[in-house]
Ligand code: AQP
């Protein structure tokens, strides 16, 4: 049977990249009736230092973002990672299965650790093993993610395969990534070669889900572009990363293909296209941010939802962890 797992880090404001690459997809999967488990991965977030009060706030606001985007906590399982200890427990097993060399190849670690990798946390290095545990503790078959997570998903399969091989079992599934839609990699508004990211120091590089209509319009107006008009076909965007990004975002927000967007807007200058994009972005994002702030007025209710979600998640994870411990040879006598 198909079971979906995915997560988002409460490491800052939710961005348009997180929305188009992840959240919007999650809602579609839930509404297709697929069993879905969605997690605020707070344990991942602290692989880079987080102010405790900010982390608490970001976790609740992220939960509000899920619900405001259309995740129904009755249909889907919605919780924060640290409340289900099986994630951390399975991660230890996977730390012992994964190889140092595999981790050293991870481009996200190289990007985030930067030049001074010796000073990065051990947790940041081991991040993909915890991510594999997040997924495999539920025997999830599919993981909807943005394009940047492809390599981590391959590593998840490698860990599952090595565990199965080392212990001579057929226990963990080889999970498939689901990378769909027109905007699987939304780029920075300031630099078409960099991914739009919560942790980019420049707020002008991203659209936050909580931005006001004015901020959204301003950021799109100031987004870096080239001086050419839009082409009439996708292939005309090949060497124009900034233009391609804005068209992809339009397509993602409007549920259109890139070719459909260009059929309508090919030949337009950015002076015309940017306001159209800003209007569309405000139309799609404003209701979500309004609902997020409404939900954030009652954080006790959010905590209750996360607590209930954690209990449901734990009920699925615990037996899989027990079975894993049994396979590994741990004595269980209490
Ligand atoms: N720019 C993006 N375009 C499309 N999808 C994206 N995702 C992130 N950025 C983009 C997808 O969002 C999900 C959650 O990501 P995450 O919070 O686990 O971490 P991340 O990928 O590292 O995202 P950020 O925003 O860049 O956070 P920071 O700055 O804290 O590292 C994933 O499915 C991801 O693919």
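The values are calculated or read from the model by the stated rules, or taken from the named source; none is laboratory data. Just so it is clear, the structure is predicted and the values come from calculations on it, not from any experiment. In this analysis, Cβ positions are derived from the backbone assuming ideal geometry, glycine residues included, and neighbour counts consider all displayed protein chains.
Take residue 43 and tell me if it is within 18 Å of the chain's Cα centre (by Cα), assigned to a helix (DSSP H, G or I) and at pLDDT 95 or above. Walk me through how you get there before you give the answer.
Working: within 18 Å of the chain's Cα centre (by Cα): yes; assigned to a helix (DSSP H, G or I): yes; at pLDDT 95 or above: yes.
So residue 43 passes the test.
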- Considering only residues that are away from the ligand (no atom under 13 Å from the Cβ) and crowded, with 16+ Cβ neighbours inside 10 Å, look in segment 96-119 and name the one that is farthest from residue 177 (Cα to Cα). 97
- Message: Out of 289, 293, I need the residue that is closer than 17 Å to residue 217 by Cα and assigned to a helix (DSSP H, G or I). Which one?
- Response: 289
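Does segment 78-90 hold any residues that are crowded, with 21+ Cβ neighbours inside 10 Å and under 13 Å from residue 129 (Cβ atoms), and which are they?
87, 90
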- Report whether or not residue 139 is surrounded by 16 or more Cβ atoms within 10 Å (Cβ to Cβ) and at positive phi. yes
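Find the helices (runs of 4 or more DSSP H) located wholly in segment 151-268 whose residues include 1 or more that are crowded, with 21+ Cβ neighbours inside 10 Å, modelled with pLDDT of 95 or more and within 13 Å of the ligand (Cβ to nearest atom), and list them.
Values: elements: 213-222, 241-254, 258-265.
Qualifying helices (runs of 4 or more DSSP H): 241-254.
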- The correct count of residues that are touching a residue at least 12 places away in the same chain (Cβ under 8 Å) and more than 29 Å from residue 200 (Cβ to Cβ) in segment 100-139 is 4
- Message: Return the pair list, or none, for Cβ contacts closer than 9 Å from residues in segment 10-22 that are not assigned by TED's automatic domain parsing to the domain that holds residue 210 to residues that are near the ligand (Cβ under 6 Å from one of its atoms) and part of a helix (DSSP H, G or I), at least 6 apart or on different chains.
- Response: 17/148; 21/148; 21/149; 22/149
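Only one residue in 321, 280 is over 22 Å from the mean Cα position of the chain (by Cα) and assigned by TED's automatic domain parsing to the domain that holds residue 171, so which one is that? Write out each step before concluding.
Values: 280 fails: assigned by TED's automatic domain parsing to the domain that holds residue 171.
Only one candidate qualifies: 321.
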- Which residues, taken from segment 50-70, are without any contact (Cβ under 8 Å) to a residue 60 or more places away in the chain and surrounded by fewer than 22 Cβ atoms within 10 Å (Cβ to Cβ)? 50, 51, 52, 53, 54, 55, 56, 57, 70
- Note on the structure: Taking segment 296-334 and keeping residues outside any helix (DSSP H, G or I) and surrounded by fewer than 15 Cβ atoms within 10 Å (Cβ to Cβ) leaves 297, 298, 329, 330, 331, 332, 333, 334
- Taking segment 200-211 only, how many residues are out of contact with any strand residue (DSSP E or B) (no Cβ under 9 Å at 6 or more places or on another chain) and either touching a residue at least 24 places away in the same chain (Cβ under 8 Å) or closer than 15 Å to residue 277 by Cα (or both)? 2
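Quick check on my filter: what residues within segment 121-150 are in a helix (DSSP H, G or I) and within 11 Å of the ligand (Cβ to nearest atom)?
Quick first cut of segment 121-150, residues in a helix (DSSP H, G or I) only: 122-136, 147-150.
Passing the criteria: 124, 127, 131, 134, 147, 148, 149, 150.
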- Query: For residue 73, are the conditions met, namely being within 29 Å of residue 319 (Cα to Cα), more than 16 Å from the ligand (Cβ to nearest atom), outside any helix (DSSP H, G or I) and at pLDDT below 95?
  - Reply: no
